[in-house]
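K.L.:
Sending over a structure as structure tokens; questions will come in a sec.
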Amino acid sequence: MRKTVSVLLVCMLATVLFLSGCAKKTGDTGPIQIALQAPITGDYAYEGQMAKQSVEVATELINKAGGVLERQIAVTVVDDGSNPKDSAIAAQKAVSLKVVAVIGSYGSSVTEPAEDIYEKNKMVSVGYGCTALRLTVDKKPNYFFRTCGRDDAQGLFFAKYAVETMGAKLIAIMHDNSTFAKGVAEEAKKALQPYVDAGKCKIVYYDAVTPGEKDFSAAVTKLRNTNPDVWYYTGYYTEAGLLVRQARDAGLTCPFIGGNAAINDDFIKIAGIDVAKGCLMTQEPLVTDVTTAISEQFRTLYKEKFGDVPSSPWPVYAADALYAIVGAIKNANSIESDAIATAMHTNMTGVEGVTGAIKFTAIGDREDVPYKMYEVTADGKYVVHQP
Amino acid sequence: MGITENILKRIGLGKPSGDKPVTFWSRNRGWLLLAITGAVFAAYPFLPFISDYWIDIAFFVGVYALLGLSLNIVLGEVGLFDLGHTAFYAIGAYVTAVLNTTLHIPIIVLLPLSALVAGGFAYLVTSPVIHLKGDYLCIVTIGIGEIVRLTMINNPFNLTGGPNGINGIGGPNLLGLAINSSTQFYFYTWIIIGVIVFGLIRLQHSRIGRAWNYIREDATAAEASGVDVRSYKLLAFVLGAALAGVAGNLYASKQMSISPGSFTFIESSLLFCIVLLGGLGSIPGSILGAAVVVVFPEVFRQFASYRLLFFGLALMLMMIFRPGGMWPRKREGTGLDGLGIRGLPKNDEDLILLGKPDPAMIKPATTATVRGVRLPPVTVPMDEGMLLQTHGVTLKFGGLTAVNNFDLNVRTGKITSLIGPNGAGKTTLFNMITGIYKPTSGKINFLGRDITNLKPHTIISYGIARTFQNIRLFPSLTCIENIMSGPHCHARSGTWAAVMHTVAEVREERDIVATAAYRLDQVGLWKYRNELAKNLPYGKQRYLEIARALATAPHLLILDEPSSGLNDRESEDLMVLLQALVTEGFTLLLIEHDMQVVMGISDWVAVMDMGQKIAEGLPKDIYNNQRVIEAYLGKEDD
Amino acid sequence: MATFFEQLINGLTIGSFYALVALGYSMVFGVMKLINFAHGDLFALGSYLGYTLLIASSSWVTVHFGLWGGMAIAMLFAFTGIGLAGVLMERVAYRPVYPAGRLSLVVSALGMSIFLQNGIMAIWGSRPQAYPAAVVPSTRFSLLGLPVTSLQVVILLISFTLMLAIWFIVEKTTFGAAIRATALDRSTATLMGIDVRVVIFFIFALGPALGGIAGVMNGMYYRAISFNMGWTYGLKAFTATILGGIGNIPGAMIGGLLLGLMESLFAGYVSGAWKDVFVFFILIVVLIWRPTGLLGEKTAEKV
């Protein structure tokens, strides 16, 4: 009897679920539905929640300016839990909601299964925190784009800077075995190879620390003993902050350069300003540096709603993704996926986001993403470093 | 009984027994339920409000159901604490991914291959650690899980793609039909699961499944009943790993890309929860548990960052209110039909008669095989008429000598009693004879064969059975299931035979039940056959243990204090039974304290004190032996 | 050579955190045979409690009691708070499940862990926080030629003192005997007149409370705290407990220290990326060699 009751309960629950999941399709009138796939729970929750906030701000600004095609836009959030399996489910959910396009996601191995599903369903998706080459270079997608940069561009930038601008001979590269950090580290290593072959420098340290841990004393002692001229860490800001402080405590004096996952206000908080001061970061242009009208509005409204600008650059790319989609819709004068995709590939004139003009290459990467070397100032701000 | 009836009985939805009105519904319950389930399953993807999203959820429920079922074998059936099961899942997924992307081996071929590799891997890594107890095994499995995951991340030999994992994995292709839509994957996965579940149900109700349960209930007792505990534990791990490998293959071929992030310790914990939520050892429970674990976070999506909070809460509430699981395995009251064995005589009397042993079986065997067990050749000269002899057997525990140079002679067809004050070392001697301890020196010969260093289950299969001083039954199993462990070691059917229900296997199973029925009836417990052993009163539990020992068809029956805890009347009944056993052809070796029993039925008595033999002879001689009296009562003050 | 000693000290420092968390963990585990997965999260909660106290009072505490006083008060606050949390947790989530057996308790513990982690995230946010430099003592000096901070020394001292105190209570006092008796055989202990409820209350108060103190010290030492920081420590605590031998409380401490040392030395001399693989591998080898842990008793099963 109990079993039959349980089975019946499950059936009832299931029925309720189906009904609740019914699609809100974008019709001919009413708001244009767009989905945001982000890690609202899980290890990357902080990024996902900020991305959600960014997109909220961008939505408000766009709607205040009249929306697009004389319609407002509405954004639904689907949580991908910071892991690939839930990402696949989330992508399917977004597809079932029959939205016009998707913004997502954060983390390349999390984005990958979602990208496959969106491609299969011919739905436009714009990633904002996924920098692995293979998402575009290997897959050559038709409907996938990204507003963030790519690992090789960043790695190359670091390599050039370290050898040519800083004149470093002994280079240390550290990562944390995550998709992102290892990706950038590998690209940096690759970019340094011609210099190594020419005898201009040597990589004296290439190892990983374990993310989620707090004690890196063993690693920094080992690092210190290799006597590097420069130290590049491509992992996330929490570990970066801890690493730098522990390294300085252990007596390591060489300059520290973080990748664009380390650049975050919390890095300064964790490391302490006395240690963070002077640290460098490789980074695409920060929202605080761009001086367009949109970025002004964005900063103001974001500060108004949430107290301060987002502490990391990735949520801003999420906002950019929204601007990109809206701009493409405008230029294509249509909400059909194919039209939007074509516009994104070929016609992005006049489309501007929070970080400036947005244009995509034939395989969906953002065009002309410059990298800059940022420095932490004594009052805890990130400014472009003058060598 | 029809197949459907069988299946439903086994999963606990069998015919209601008792005086309930027989309606169309109750009579055809089996067919109707199966038909409804089948119809819902087939129609599911085509229902109007089911989008690809929900079909994909059903796919993931399938993958996790398979994982749950695979862990259920290890954790639910055998009771091994496995918190690293994703290691095998990962291996299945990576084998599929690597071989498909580099060598372009078709996914469908990789399905069994993943199972094989995962199973092989399990065999290799668990063999050295399978003897560890409980929590120690737990941490080792956690370690294995982490080692596999971290190795994948570190990308040795550039094989595993590091933290990025591997992408571009193809989909399965069934004889030309490419499986790539959600609906196709749904049917593909669930049909595979259906086949596997069918096999698992068969396995659950076979000798293998019962052996697993015996190990879970009491591993020492299982070993002493002739179950090769180590082999069965390994089998469980290998099978569980193989099924997890299949799940890995399914996952990889659907996702088209895999990365180490899907194979964390948290996943292993989730699998653990699935098995527990469903009910340990319950096949439908594991499937239901998977459904809850996958669907619950989806249902609560609208709560955004709080959904996991609710999930944690739900787990705790489940354990408070339904700790046995949502669909616990039902044992009590399913009756003999619940055993799932075909071809049993309808009549109880016929069944019991079927189990009556052939008298030739019990006389000490000199032929090469007994009931299918091939014995080693007879090589050791033994004194005439002796069944068992120990020569100079000694056991030292560090500085303490528990048994010192003991020569025991057990004559065929007679009752020998070993007596002595408490702590003399009697049980220790028995433990050495049955292989639980290894003697420091000395030899033990049985039927002309040297059995000194053999494992207990082997010794049992040669024809020695024992009972324990502290009764060791399988408490949560029914009485008949308890006894069915006896004939276990003489049967030959393996996993394949069990799943395929070969003619030989069906016959063996029938024989096992019949033998158990006979022995149960012999000790007067037939009416308790479907009761759980733990519910029996103490005295009856003793008899149950004796019946179990008898069911192994031994030549020599070793009883450790069989009359302890029995009152005078019960002791008299016991003596009658023991003498009847001798008439039947058994040889008995007893440890006893009850002098009535010793004097009443023994043919020969040996006395042990402080590990040494201090006297031996006919009961009446021992009774008056001064040294023996001193050993028990102490010396008189002069 | 100096590096070796440095790595040694690094290892001991990490190890003493593991040991302290393992200590509280193994108290519960040894007596209740309960694998309290939520223990790591209680440790994290302790860290957050200390953080909240020091931040919320806007350094009033630090101003009036100095840096060390502030740390002491934060630890006291965490000690009490987490002790209460532990007792509450046992009462609400575990006690109803005891009759169902160990495995069901594991699921409850997992559920509690998920609940706590997400609860912390809900209250304090998903962004990592940091103990501000202003509340953390930071004098450094040189001990035998090696760079050492005062905080490090104090933490090591406090850890060892606590471990010693617990060891003394458990091994040398009557109440400790009661604890050990309950661990070995709960029903017999009850029959011997031991009020098992008091024992259970004690271990569920003290065990987590120790974790809470460790959390505050950890927060001060590393400064960064995040809602999921407890997970790793919980797992390491379990590993340390098994390594030392189940039911052996000093064994858990030694297990923790060894764990820290192994990690440090391996990461320092071979590879940081493979260090956890190495540690688990060593653990498995140790268990094959000594199936009941390093100090665990070979309890002969009476057959």
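Each reported figure results from applying straightforward, stated rules to the coordinates on display, with no laboratory input. The structure presented is a predicted model; accordingly, all values stated were derived computationally and were not measured. Counting neighbours? That spans all protein chains shown, and the Cβs are built from the backbone with ideal geometry, glycine included.
K.L.:
Summing Lys, Arg as +1 and Asp, Glu as -1, what charge do residues with Cβ under 14 Å from the Cβ of C:ALA273 carry, C:ALA273 excluded?
P.N.:
Cβ neighbours under 14 Å give a net charge of -4.
K.L.:
Fewest first, what order do A:ILE173, B:ILE215 take by the number of other Cβ atoms within 10 Å?
P.N.:
If I rank by nearby Cβ atoms, fewest first, I get B:ILE215, A:ILE173.
K.L.:
What net charge do the residues around A:TYR382 carry, taking every other residue with its C-beta under 15 Å from that of A:TYR382, with Lys and Arg at +1 and Asp and Glu at -1?
P.N.:
-2
K.L.:
Tell me whether chain B comes out rounded, prolate or oblate; compute the Cα gyration tensor, take square roots of the eigenvalues as a ≥ b ≥ c, and use a/c under 1.5 as the rounded threshold.
P.N.:
prolate
K.L.:
Continuing with the same structure: Ranked highest first by the average count of other Cβ atoms within 10 Å around their residues, in what order do C:42-50, B:577-585 fall?
P.N.:
Final packing ranking: C:42-50, B:577-585.
K.L.:
Any idea how far the Cα center of segment A:277-300 sits from the one of segment B:584-615, in Å?
P.N.:
93 Å
K.L.:
Moving to a separate point now. Beta carbons within 10 angstrom, averaged per residue: use that to sort the peptides C:176-186, B:378-388, highest first.
P.N.:
My ranking of the peptides, most packed first, is C:176-186, B:378-388.
K.L.:
On a straight-distance basis, which aspartates and glutamates could pair with A:LYS85 in a cross-link, Cα separation under 20 angstrom, same-chain partners fewer than 8 positions away excluded?
P.N.:
A:ASP43, A:GLU47, A:GLU112, A:GLU115, A:ASP116, A:GLU119, B:ASP52, B:ASP56, B:GLU146, B:GLU267, B:GLU298
K.L.:
Let me ask something else. What is the magnitude of the charge dipole of the protein assembly as shown about its Cα centre, with +1 placed on the Cβ of each Lys and Arg, -1 on the Cβ of each Asp and Glu, and no other charges, expressed in debye to the nearest 20?
P.N.:
In total the dipole reaches around 1100 debye.
K.L.:
Given only helices, namely DSSP H runs of n ≥ 4 each adding -39500 (n - 2.57), what is the per-residue ellipticity at 222 nm of the protein assembly as shown, to the nearest 500 deg cm²/dmol?
P.N.:
My calculation for the protein assembly as shown gives -17500 deg cm²/dmol from helical runs alone.
K.L.:
Can you sort B:TRP31, B:TRP190, B:TRP327 from fewest to most other Cβ atoms within 10 Å of each residue's own Cβ?
P.N.:
With the sparsest Cβ surroundings first, the list reads B:TRP31, B:TRP190, B:TRP327.
K.L.:
Right, another one. Explain nothing, just compute: Karplus ³J(HN,Hα) = 6.51 cos²θ - 1.76 cosθ + 1.60, θ = phi - 60°, for every residue of segment A:148-163 in order, whole Hz, x for Gly and Pro.
P.N.:
Computed from phi, the couplings for segment A:148-163 are 9, x, 10, 4, 5, 4, 5, x, 5, 4, 4, 4, 4, 4, 4, 7 Hz.
K.L.:
Further, regarding this structure: Hey, got the average number of other protein chain Cβ atoms within 10 angstrom for residues in A:204-216?
P.N.:
6
K.L.:
Further question: Can you give the charge dipole size of segment A:152-283 about its Cα centre, rounded to the nearest 20 debye, using +1 on the beta carbon of Lys and Arg and -1 on the beta carbon of Asp and Glu?
P.N.:
340 debye
K.L.:
Order C:19-28, B:460-469 from most to least packed using the mean count of other Cβ atoms within 10 Å.
P.N.:
Averaged packing, sorted descending, gives the order C:19-28, B:460-469.
K.L.:
Taking each residue in A:41-54, count the Cβ atoms of any other chain within 10 Å of its Cβ, then average. What number comes out?
P.N.:
4
K.L.:
Another question, if that's okay. Indicate the gyration tensor shape class of segment B:457-577 (rounded, prolate or oblate), computed on the Cα atoms with a ≥ b ≥ c the square roots of the eigenvalues: a/c under 1.5 is rounded; otherwise a/b larger than b/c is prolate and the rest oblate.
P.N.:
Prolate.
K.L.:
Using the Cα centre as the reference, give the magnitude of the dipole from point charges on the C-beta atoms of chain B (Lys, Arg: +1; Asp, Glu: -1; all else neutral), rounded to the nearest 20 debye.
P.N.:
1540 debye
K.L.:
Could you let me know the centre-to-centre spacing of segment B:62-103 and segment A:185-229, using Cα atoms, in angstrom?
P.N.:
A separation of 36 Å, based on Cα centres.
K.L.:
Could you list, in their original order, any pairs among A:LYS93/B:LYS254; B:LYS414/B:LYS620; B:LYS443/B:LYS620; B:LYS438/B:LYS540; A:LYS98/A:LYS140 whose Cα atoms are separated by more than 21 Å?
P.N.:
Listed pairs above 21 Å: B:LYS443/B:LYS620; B:LYS438/B:LYS540; A:LYS98/A:LYS140.
K.L.:
Under the rule a/c < 1.5 gives rounded, and otherwise a/b versus b/c splits prolate from oblate, where does chain A land using the Cα gyration tensor?
P.N.:
prolate
K.L.:
Please give the helix A:45-64 orientation as an angle from the longest Cα principal axis of chain A, in degrees from 0 to 90, rounded to the nearest 10.
P.N.:
Computed tilt is about 60 degrees.
K.L.:
Count the net charge of all other residues whose Cβ sits under 12 Å from the Cβ of A:HIS175, scoring Lys and Arg as +1 and Asp and Glu as -1.
P.N.:
With Lys, Arg at +1 and Asp, Glu at -1, the neighbours total -4.
K.L.:
log₁₀ I(q)/I(0) of the protein assembly as shown at q = 0.04 Å⁻¹, via Debye over equal Cα point scatterers, no solvent, to two decimals?
P.N.:
-0.28
K.L.:
How far, in nm, would the chain grow between B:MET610 and B:THR495 when pulled straight, counting 0.36 nm per residue and subtracting the alpha carbon separation?
P.N.:
36.7 nm
K.L.:
A further question on this structure: Which distance in Å, rounded to a whole number, links the C-alpha centroids of segment B:204-235 and segment B:428-484?
P.N.:
The distance from the Cα centre of segment B:204-235 to that of segment B:428-484 comes to 15 Å.
K.L.:
Please name whichever of B:LEU550, B:VAL506, B:GLY425 sits farthest to the positive end of the charge dipole of segment B:421-561, dipole taken about the Cα centre and charges placed at Cβ: Lys and Arg +1, Asp and Glu -1.
P.N.:
Final value for the positive-end residue is B:GLY425.
K.L.:
Summarise the partner chain shielding of B:154-164 as one whole number: the mean count of Cβ atoms from other chains within 10 Å of each residue's Cβ.
P.N.:
4
K.L.:
Turning to a different aspect of this structure: Order by neighbour count: B:VAL98, A:VAL78, C:VAL63, fewest other Cβ atoms within 10 Å first, most last.
P.N.:
C:VAL63, B:VAL98, A:VAL78
K.L.:
Which whole DSSP H helices in chain B pass both tests: a Cα extent of 27 Å or more along the axis and a mean Kyte-Doolittle value no lower than 1.6?
P.N.:
Sorted by number, the helices that extend far enough and score high enough are B:107-126.
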